[in-house]
Each structure stands twice: as C-alpha cells, then as structure tokens.
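The values are calculated or read from the model by the stated rules, or taken from the named source; none is laboratory data. None of the values given here were measured: they were computed from a predicted structure. Cβ sites come from the backbone with ideal geometry, for glycine too, and all protein chains shown count toward neighbours.
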Amino acid sequence: MTTQLSVLAVDDEPPALDELVYSLRQCPAVGTIYAAHDAAEALRCLEHDDVDVVFLDVVMPGLDGLELAGVLNRFARAPAVVFVTAHEKYAVAAFGVQAVDYVLKPFDVHRLSAALARVTGRTSTANRDSGEQFATLAADLPGRTVLIDRSEVEWVEAAGDYVRVHTHDGHSYLVRVPLAVLAERWEPHGFARIHRSHLVALRAVREIATRDGQTSVLVGGHHLPVSRRHLRDFRERLFHGRAPREEAP
C-alpha cells in the first residue's frame, strides 16, 4: 500500500484556501490535510503535526511565502515546499529557497498531482525524526512572530496548554505546546525533565544543590526545583550523559 502524504495548505485568502484544500482532497497521494491562513498559523501547526509537504501562496501578510519557506528550510527534516500563486515573477526566488514546484493559478487536480509526484520522487516519508519538527518554535507577539531556535533555550516552564520558553539572552516567550510533548521531542537533544513543570537544557545547568531534602538546580540565574521522581534520571544524564563542560581559562 502506498503511503499517503500529509499536507499543509497556506493562503491568506479564504476562498483560495478552500479551493486548494478541496483540490488536494481529490489527489490520491494526499492523506491528512491541514490548513492555515498565514505564516504564523502555519508554524503553530508545524509545532504539533508532522507534515510532508507545504503548499503555500507567495503574497501574504506578515511573513510572506518566500520568507516562510526560508524558515522551513531551517528544520533538520524540512517539509517539501510547493508554491501556489497567481504571480509568475516570483518563480526564480521560489526555486532559490529550494521549492519542489511552482504552480500557477488557476490550477487543476492534475497539476497538483504532478507537483505531488515531484515531492514523492524527491523526499522519502519513511523514518522521519518528528523531534526535528520542534527544532524551531514560533512565539506570536503583537504584530510579529518570533522564531526561537532550540539551541537558544535554557529552560522551559509549563503554563497550561502552553509553555514559557526562557532563552540565554534573558528573554521569555509563550508558545502553544504542552510541556509533555516538548519534553518528549527535546530530551534526545540535550534536555531533561526535572519537574512536572520544568524542562532544562543540560548544557545550561550551572549548579545543583540539596537543602533540607529539596534538590534544586541553577539555570539562567533561576533556582528550579528537582522532584524526587525525576532526580535519579536527571543526575544520570547530567553527569554521565553529556561531555564535561570546559573550564574557563
């Protein structure tokens, strides 16, 4: 049985997005379809769902399609990108950001199927490392979207269905993803759960102390509690699961 592709469709015009989604549903190669009205919504979708290919418009408010494609290329396991637009003039720039295909509007199902065939010919959908879908997080702020690379993060705290991500430069950002999901995806990349409410980057731990039976760690200038449930695994990873930190000269 042929594996179907998961697809994200992105267009800021609702009628155009509806038409694209409807047409993609007619393509046998397509399985799950997600839809987003702009780049910020698309990035939020990619935080939660693995996608094989993104069909996106070029001209959109905020991050345009070309800029969004550039962000997607930063993912270690980047989804394929197919542009769907009424403008021919962006074709050269589109292939400059490694687009698989460039579909002009109006299109039909046969044209979309041809684009999907190019995707399956270029990208294997087997053995995807879904953790890399979280290598970059998106935080929505008034009028802008901030992109946070995993390497910038020192610790994370739970905030309901969100997390607050604390970076090495002292900033913090609210991102919509449960801590349990983020911990599962980031633990293979040097992070450890120390408490039901906290996830830390092992490289950022500066001190571990125990007072009155309570263990805590110093990360980014903050003393964070380590629960008894997580203490043993945390110490094993801290002292045996990473290279020793180099001493300053």
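Each row is one residue, and each column tells you yes or no for (1) at pLDDT 95 or above; (2) outside any helix (DSSP H, G or I); (3) assigned by TED's automatic domain parsing to the domain that holds VAL146; (4) among the aromatic types (Phe, Trp, Tyr).
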| site | (1), (2), (3), (4) |
| --- | --- |
| HIS166 | yes, yes, yes, no |
| LEU174 | no, yes, yes, no |
| ALA180 | no, no, yes, no |
| PRO188 | no, no, yes, no |
| ILE194 | yes, yes, yes, no |
| SER216 | yes, yes, yes, no |
| LEU224 | yes, yes, yes, no |
| HIS230 | no, no, yes, no |
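Within segment 81-91, being part of a helix (DSSP H, G or I) and either at pLDDT 90 or above or touching a strand residue (DSSP E or B) at 6+ places or on another chain (Cβ under 6 Å) (or both) holds for one residue alone: ALA91. Taken over segment 65-75, residues that are crowded, with 19+ Cβ neighbours inside 10 Å and among the small types (Gly, Ala, Ser) amount to 2. Closer than 17 Å to ALA114 by Cβ and either among the hydroxyl-bearing types (Ser, Thr, Tyr) or assigned by TED's automatic domain parsing to the domain that holds ALA91 (or both) - does that describe any residue in segment 35-48? So far as segment 35-48 goes, no, none of its residues is closer than 17 Å to ALA114 by Cβ and either among the hydroxyl-bearing types (Ser, Thr, Tyr) or assigned by TED's automatic domain parsing to the domain that holds ALA91 (or both).
Within the set GLY143, GLY170, the sole residue that is over 17 Å from VAL205 (Cα atoms) and not assigned by TED's automatic domain parsing to the domain that holds CYS45 turns out to be GLY143. Restricting ALA94, ALA78 to those that are assigned to a loop (DSSP other than H, G, I, E, B) and either touching a Phe, Trp or Tyr at 6+ places or on another chain (Cβ under 7 Å) or surrounded by 15 or more Cβ atoms within 10 Å (Cβ to Cβ) (or both) reduces the list to ALA78. Name the single residue that is farthest from the chain's Cα centre (by Cα) among those in segment 119-164 being in a helix (DSSP H, G or I) and modelled with pLDDT under 75. Here the residue is ARG122. Of all residues in segment 157-179, none are small (Gly, Ala, Ser), under 15 Å from HIS230 (Cα atoms) and buried (at least 16 other Cβ atoms within 10 Å of the Cβ). Taken together, the residues in segment 180-199 that are touching a helix residue (DSSP H, G or I) at 6+ places or on another chain (Cβ under 9 Å), hydrophobic (A, V, I, L, M, F, W, C) and over 18 Å from ARG228 (Cβ atoms) amount to 4.
Screening GLY170 with (1) in a helix (DSSP H, G or I); (2) more than 17 Å from ARG44 (Cα to Cα) gives one miss only, at (1).
Candidates in segment 16-64 are the residues that are touching a residue at least 40 places away in the same chain (Cβ under 8 Å) and in a strand (DSSP E or B); of these, the one that is surrounded by the fewest Cβ atoms within 10 Å (Cβ to Cβ) is VAL30.
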